[in-house]
Amino acid sequence: MSVKRAFRVFQRNFTVYKKLYRSSIVLNFVEPVLYLFAFGIGLGSYVKEINGMSYIQFIAPGIIASSSMFASTYECTYGTFVRMNFQKTFDAILSTPVSVYELILGELIWGAFKSVFYGSIIIITLLTVGIVDSALIVFLLPILFVSGFIFAEISMICAALVPGIDSFNYFYTLFMTPMFLFSGIFFPVDVLPHYLRNVASFTPLYHLTNLCRSYAVGKLAGTLPDLLWLVSFALIFLIPPFVLMRKRIIN
């Protein structure tokens, strides 16, 4: 497998995105910012402090995490499915020297890039308005790439298995939305029942939110377990997207 040819797939997607970014920026940037200020200011007027932080400071790192998650997920579910089945982009790419595995790797890298890109926009926004002031927040960028790769892997597994594009509704309703709500973005998971805490601690968004919150306040102590979990998860789920997507594309 040639990483150079996989990068060409990424380059193709990036070139197309530069012409179409206006249609996706509302979903991937404006919506998270609305969540931040609606909950942070509205609900924050009733919730005074959580763990020594104002409510808007508490949820802001979680918005970074969720924004980067959804950017990668939308791209590698709907985006990948459309390119594969409706636009026939995959057929065109595979008529070149690019192999199936290189195509899949390029899609995964593209999803991870989208995660970093939109996470960076939220970070810049938070730094600009003064909600986050720790310089350590910039070290989140490689972490966002790893987590974005994880969400791309999960999403492409789903894209390989769904019978039709409407079936993504089940994925988002039964998996993505619960993870968004119960991964410590809006409230500490400590308040949840023990079994729900265990489920939440298994999700990648939970660990990403912990890391974003620690870096946002300039705290590095205790972040290693979350980092190791994300790297381990990325490695464990690396093979299934290649196997399942190859089978879907060939069939």
Counting only residues that are more than 16 Å from the chain's Cα centre (by Cα) and closer than 20 Å to residue 63 by Cβ, the stretch 214-232 contains a total of 7
Listed by first then second residue, the pairs whose first member lies in the stretch 221-241 and is in contact (Cβ under 8 Å) with a residue 40 or more places away in the chain and under 14 Å from residue 206 (Cβ atoms), whose partner is part of a helix (DSSP H, G or I) and not aliphatic (A, V, I, L, M), with beta carbons under 9 Å and at least 6 positions apart or on separate chains, are 227/207; 230/147; 230/204; 230/207; 233/147; 233/153; 233/204; 233/207
Residue pairs qualifying under the 8 Å Cβ cut-off, at least six apart or on distinct chains, with the first in the stretch 136-149 being on the phi > 0 side of the Ramachandran plot and the second being at pLDDT 95 or above, are none
Residue hits (the stretch 188-228; aromatic (Phe, Trp, Tyr) and farther than 22 Å from residue 120 by Cα) are 195, 202
| query | Could we say that residue 209 is of a type in the set (S, T, N, Q) and in contact (Cβ under 8 Å) with a residue 24 or more places away in the chain here? | reply | yes
Looking at the structure I just gave you, is residue 121 farther than 24 Å from residue 239 by Cα, touching a residue at least 40 places away in the same chain (Cβ under 8 Å) and among the hydrophobic types (A, V, I, L, M, F, W, C)? yes
Given the conditions (1) of a type outside the set (A, V, I, L, M, F, W, C); (2) over 23 Å from the mean Cα position of the chain (by Cα); (3) surrounded by fewer than 16 Cβ atoms within 10 Å (Cβ to Cβ), every one holds for residue 19 apart from (2)
Residue 86: passes all of (1) more than 20 Å from the chain's Cα centre (by Cα); (2) buried (at least 18 other Cβ atoms within 10 Å of the Cβ) but (2)
Flagged in the stretch 215-247 as of a type in the set (Val, Ile, Thr) and part of a loop (DSSP other than H, G, I, E, B), in numbering order, are 217, 223
Hey, does the stretch 50-63 have a residue that's more than 30 Å from residue 247 (Cα to Cα), among the small types (Gly, Ala, Ser) and within 15 Å of the chain's Cα centre (by Cα)? yes
Among the residues of the stretch 43-59, the number that are in contact with a Ser or Thr (Cβ under 9 Å, 6 or more places away or on another chain) and either among the small types (Gly, Ala, Ser) or surrounded by fewer than 15 Cβ atoms within 10 Å (Cβ to Cβ) (or both) is 2
Item to complete: For residue 111, indicate whether it is small (Gly, Ala, Ser), at pLDDT 95 or above and buried (at least 16 other Cβ atoms within 10 Å of the Cβ).
Response: yes
Log entry, pairs with first residue in the stretch 31-56 being free of Cβ contacts under 8 Å to residues at least 24 places away in the same chain and within 18 Å of residue 188 (Cβ to Cβ), second being among the aromatic types (Phe, Trp, Tyr) and exposed (fewer than 11 other Cβ atoms within 10 Å of the Cβ), beta carbons closer than 9 Å, six or more apart or on different chains, reads 55/46
Sole miss for residue 210 among (1) of a type outside the set (Val, Ile, Thr); (2) in contact with a Pro (Cβ under 8 Å, 6 or more places away or on another chain); (3) closer than 17 Å to residue 69 by Cα is condition (2)
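The values are calculated or read from the model by the stated rules, or taken from the named source; none is laboratory data. Keep in mind that this is a model prediction, so the values were computed, not measured. Don't worry about glycine lacking a Cβ; one is built from the backbone with ideal geometry, like all the others, and counts go over all protein chains shown.
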